[in-house]
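**Q** I have a structure here, written as structure tokens, and I will follow up with some questions on it.
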Amino acid sequence: MSAEKTDLQIKLLGGATLGLGTGLLGLIHGWNSNDKSPFLGWLWGSAFWLSVAIGMLMLIMIFRVFNSEWTPIVRRQLEHGLAAFPWLALCFAPLVAFALFGGDNSGILWSWVNPATSTIEVTSEITVGEDVLHQKKASYLNLYFFVFRMILYFAIFCGLGYWMRKVSFSQDLDGDPKWTHLGMKLSAVGIPAAALALTFGAFDMFMSLEYQWFSTMYGVWFFAGSIRAALAVTIITCLYLSTKGSLQGIYKQAHQYDLACLSLAFTVFWAYISFSQYFLIYSANIPEETFWYTIREINPNTGERSGWFWVSMGLIFGHFFFPFLYLLFYRNKIVAPRIVFIVCWILLFHLLDLYWNIIPGREIAPGSAVGMEARPFFGSYLLWGLASLFGVGCICAWAVCRSYKSSEAESIPVRDPRILESLNYHE
């Protein structure tokens, strides 16, 4: 391993220690002072990198099932990305640990975790346990079942990640086609398993922050956003390796074009799911559903547009219309600076999309007109979240760099049955 690569890994570990250490201090402070902000920030920062890893896992299995001729070169870079899953599981462990061992403050993030002491988010007159909406969901939203599910989700992600890497890396050593067939079979089973895990994971980690609200389309929204983020990171990685790394002369314009086309397709899909969720809730006009959007559009005490309304408009025009129109043009898909610009744009707005989904919530405010107020856009959770985002990102990047250097795998899957087609792929 070169001194330059070793130095990079040391810096990444230092950044991870700084970011995660700051975030952990925030969690302890928040638990002691009953301040939810550090927990919201930690969840937001960790969710971003988890979504990237989940998107990479789903892309690998989709590539395997369809057995596309152009994908082996790109797939290998995604396989290295799966090395982050065990570390992401550790990053989510503190949130589960505080829920499990947090005592009276165990429900500081997810109020339903401790229904006996957590007060309902609209009024301080009753506890969560006395809320009929929680009582109807208590068989699902209870602490021990939640902990079991979280362990199961990450077991599925880590297990599938391990086997997707194993079948590919093992084929580099012996060239046996059985690994290709095994990878396809595992992917056929793994796609529905991972789909269920990411769907219910989104329900548990994000949607249940406001346990009274529900949307059957929420998991599909998370899937669409995760694929968009994974494609963006993949394009950046492949372009970097094609100019300064092991993919020089290997990663071609045709590969980049297809990845950009997928980005365009999932931009449309994300918009379709997001609009459909809003439209269905708007049409049904059920109070238990509409309040989630209401607090993201108006100030409940004044009836005026809140700061979150402009974030909503930003997501519509910045996360859909602009990338959609931009990626329609051929040159924007193949010219490196242009595609790097738009995928960085997509990553920024994906981060904003997660922030918009996680942070707004109802806080008890006895002196206000309606007894509650929505958390504003700017708050201490933003600073705590940026620290966690940096720390988790560094540990994930360290895991990926370590995978590139410590694994026995080649820079491309040299013995994959379709590697020659991938090397010679053209538009």
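**Q** What's the long-distance tail for segment 3-423, i.e. % of Cα pairs beyond 28 Å?
**A** Of all Cα-Cα distances in segment 3-423, 50 percent exceed 28 Å.
**Q** Would you mind calculating the gained length between Glu363 and Ala116 on full extension (0.36 nm times residue separation, minus the Cα-Cα distance), in nm to one decimal?
**A** Going from the current span to full extension adds 87.1 nm.
**Q** So, one more: Normalized C-alpha radius of gyration of segment 100-185, against 2.2 N^0.38 Å?
**A** 1.81
**Q** In nm, give the distance between the simple-model label positions of Leu352 and Ile236, each being 7 Å from the Cα along the Cα-to-Cβ direction.
**A** Roughly 1.6 nm, to one decimal.
**Q** Here is a follow-up. Could you state the angle between the C-alpha long axis of helix 85-101 and the longest principal axis of the C-alpha atoms of the chain, as a value from 0 to 90 degrees rounded to the nearest 10?
**A** Orientation of helix 85-101: about 20 degrees from the principal axis.
**Q** Quick one: which of 225-233, 94-102 comes out on top by average Cβ neighbours within 10 Å, and what's the full order, highest first?
**A** Taking the mean over residues of other Cβ atoms within 10 Å, the ranking is 225-233, 94-102.
**Q** In cubic angstrom, how much convex hull volume per residue do the alpha carbon atoms of segment 1-154 span?
**A** Each residue corresponds to 145 Å³ of Cα convex hull volume.
**Q** So which lysines pass the test for Lys244, namely a Cα distance under 26 Å, with those fewer than 8 places away in the same chain ruled out?
**A** Cα-Cα hits under 26 Å: Lys5, Lys11, Lys252, Lys333, Lys405.
**Q** Something else now. Which length gain, in nm to one decimal place, applies between Thr17 and Glu408 when the Cα-Cα distance is subtracted from 0.36 nm times their residue separation?
**A** Numbers: separation 391, 0.36 × 391 = 140.76 nm, distance 2.77 nm.
Difference between extended and current length: 138.0 nm.
**Q** Between 0 and 90 degrees, rounded to the nearest ten: what's the tilt of helix 72-81 against the longest Cα principal axis of the chain?
**A** 40 degrees
**Q** Mind checking the dipole of segment 57-186: about its Cα centre, +1 per Lys or Arg Cβ, -1 per Asp or Glu Cβ, Debye to the nearest 20?
**A** About 540 debye.
**Q** Whole-Hz ³J(HN,Hα) for each residue in segment 49-56, computed from phi via Karplus 6.51 cos²θ - 1.76 cosθ + 1.60 with θ = phi - 60°, x for glycine and proline: what do you get?
**A** In residue order, the calculated couplings are 6, 4, 5, 5, 5, 4, x, 5 Hz.
**Q** Still on this structure, I have one more. Just subtract the alpha-carbon distance of Lys137 and Phe321 from 0.36 nm times their residue separation and send over the number in nm, one decimal.
**A** 62.5 nm
**Q** Shifting gears a bit: Can you compute 3J(HN,Hα) from phi for each residue in segment 340-351, using the Karplus curve 6.51 cos²θ - 1.76 cosθ + 1.60 with θ = phi - 60°, rounded to whole Hz and x for Gly and Pro?
**A** My calculation for segment 340-351 gives 4, 4, 6, 6, 5, 4, 4, 4, 5, 7, 5, 4 Hz in order.
**Q** Taking N as the number of residues in segment 281-388, what is its Cα Rg relative to 2.2 N^0.38 Å?
**A** This ratio for segment 281-388 stands at 1.33.
**Q** Compute the helix-to-body angle for 380-406: its Cα long axis versus the longest principal axis of the chain, expressed 0 to 90° and rounded to tens.
**A** Tilt of helix 380-406: around 20 degrees.
Read the figures in this text as sums done on the coordinates, not as results from a lab. The shown structure was predicted, so the numbers you read here are calculated from the model rather than taken from an experiment. We place every Cβ from the backbone using ideal geometry, glycine too, and count neighbours over all the protein chains shown.
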